[in-house]
């Protein structure tokens, strides 16, 4: 074998050796990367999810709200006053401001009505990021958002006895089983779900309740008795309003209890005295995503659309 051929073979052998080492290193790197990825995912899960009993709205975020969040916080008093004036002037309603969260080009402001009708909702205050200025004379709300909240609050006033039946039942369920609802703080700071309690919220789905809203904007000081005189259950159908029962397990690591879930569904199906409407039941494990206040996951148990529990 001449020297030239020997050098070629030696070079080829060295290349193969390097390739072999490289493959071995890659295999080791892949295993390490897999372990790192799994660890990162576990850490992210721990960072994102918290026990529902510990969640009070901290960590809630909206897309691209980093810059506006700081501007909003620096102008909190100004935003507070502007939003209260907006609800007073536009919706004839006094509110208290619970939370301000930065979003794209603005701040979302979570509020609770004072007195009845009682509801939670939100408004939006535009922010000029370049000028770092809040535009308090242009406060607005998403179409139908506040209107729906007011109508659900009026619904709860009119059908207060029926609402009390559901309240009493769910309090019993929570006291006798390992289930719970969200905290009062989370309800106030991030839910904005119209008429809501820690255990459920109500939505309207049609224009059947619009006359209530129109009358409220004309005369927001009507008494409960007066509201009952202008609206009754003959004026809507069950599909026009949805009550969603939304519960969690009490301990971390507990899977949603199907026996408890089935019992709640069965009880509501058979229950007398509930308001006419469509009912959903959702049971989550103990963890809630602190970024969006949502507890639904792959293991969530749910009875909802299109199989609502319908109460005539």
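How many residues does the stretch 176-186 hold that are farther than 21 Å from residue 164 by Cα and part of a helix (DSSP H, G or I)? Please lay out each step first, then the result.
Looking only at the stretch 176-186, we keep the residues that are farther than 21 Å from residue 164 by Cα, and these are 178, 185-186.
When the remaining residues are screened for being part of a helix (DSSP H, G or I), the result is 185-186.
Of the residues in that region, 2 qualify.
What number goes with the only condition from (1) under 24 Å from residue 98 (Cα atoms); (2) surrounded by fewer than 18 Cβ atoms within 10 Å (Cβ to Cβ) that residue 186 does not pass?
(2)
In this structure, does residue 216 turn out to be surrounded by 13 or more Cβ atoms within 10 Å (Cβ to Cβ), assigned to a helix (DSSP H, G or I) and modelled with pLDDT of 95 or more? Break it down stepwise before answering.
Numbers: surrounded by 13 or more Cβ atoms within 10 Å (Cβ to Cβ): yes; assigned to a helix (DSSP H, G or I): yes; modelled with pLDDT of 95 or more: yes.
In short, yes.
Listed here are the residues, each with its yes/no results for (1) in a helix (DSSP H, G or I); (2) over 28 Å from residue 230 (Cα atoms); (3) under 20 Å from the mean Cα position of the chain (by Cα).
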position: 124; (1), (2), (3): no, yes, yes
position: 127; (1), (2), (3): no, yes, no
position: 157; (1), (2), (3): yes, no, no
position: 172; (1), (2), (3): yes, yes, no
position: 188; (1), (2), (3): yes, yes, yes
position: 201; (1), (2), (3): no, no, yes
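Is it the case that residue 253 is touching a strand residue (DSSP E or B) at 6+ places or on another chain (Cβ under 9 Å), on the phi > 0 side of the Ramachandran plot and at pLDDT 95 or above?
No.
Only one of these conditions is not met by residue 109: (1) surrounded by fewer than 18 Cβ atoms within 10 Å (Cβ to Cβ); (2) within 15 Å of the chain's Cα centre (by Cα). Which number is it?
Unmet condition: (1).
Would you please name the residue that is farthest from the chain's Cα centre (by Cα), looking only at residues in the stretch 47-68 that are assigned to a helix (DSSP H, G or I) and over 22 Å from residue 134 (Cα atoms)?
Among them, the one singled out is 47.
Just to check your reading of the model, which residue among 168, 84 is at pLDDT 95 or above, in the same structural domain as residue 208 (by TED's automatic domain parsing) and not in a loop (DSSP other than H, G, I, E, B)? Talk me through it step by step, then tell me what you get.
Details: 84 fails: in the same structural domain as residue 208 (by TED's automatic domain parsing).
Within the list 168, 84, the selection yields 168.
Mind checking whether some residue in the stretch 199-206 is surrounded by 15 or more Cβ atoms within 10 Å (Cβ to Cβ) and over 28 Å from residue 123 (Cα atoms)?
no
Somewhere in the stretch 271-291, is a residue surrounded by fewer than 20 Cβ atoms within 10 Å (Cβ to Cβ), farther than 23 Å from residue 187 by Cβ, in contact with a strand residue (DSSP E or B) (Cβ under 7 Å, 6 or more places away or on another chain) and at pLDDT 95 or above?
yes
Can you report the number of residues in the stretch 112-132 which are in contact (Cβ under 8 Å) with a residue 60 or more places away in the chain and touching a strand residue (DSSP E or B) at 6+ places or on another chain (Cβ under 7 Å)?
To start, the set of residues in the stretch 112-132 that are in contact (Cβ under 8 Å) with a residue 60 or more places away in the chain comprises 112, 116-122, 129, 132.
From the residues that got through so far, the ones that are touching a strand residue (DSSP E or B) at 6+ places or on another chain (Cβ under 7 Å) too are 112, 119-122.
Going through the stretch 112-132 one residue at a time, the tally reaches 5.
(1) under 18 Å from residue 188 (Cβ atoms); (2) in the same structural domain as residue 204 (by TED's automatic domain parsing); (3) over 23 Å from the mean Cα position of the chain (by Cα): which one isn't true of residue 153, the others all being true?
Every condition holds for residue 153 apart from (3).
Looking at the stretch 242-289, which of its residues are in contact (Cβ under 8 Å) with a residue 12 or more places away in the chain, more than 12 Å from residue 169 (Cβ to Cβ) and in a helix (DSSP H, G or I)?
Within the stretch 242-289, 258, 260, 261, 265, 269 meet the criteria.
The values are calculated or read from the model by the stated rules, or taken from the named source; none is laboratory data. Being a predicted model, the structure only gives us computed values, none of them experimental. We place every Cβ from the backbone using ideal geometry, glycine too, and count neighbours over all the protein chains shown.
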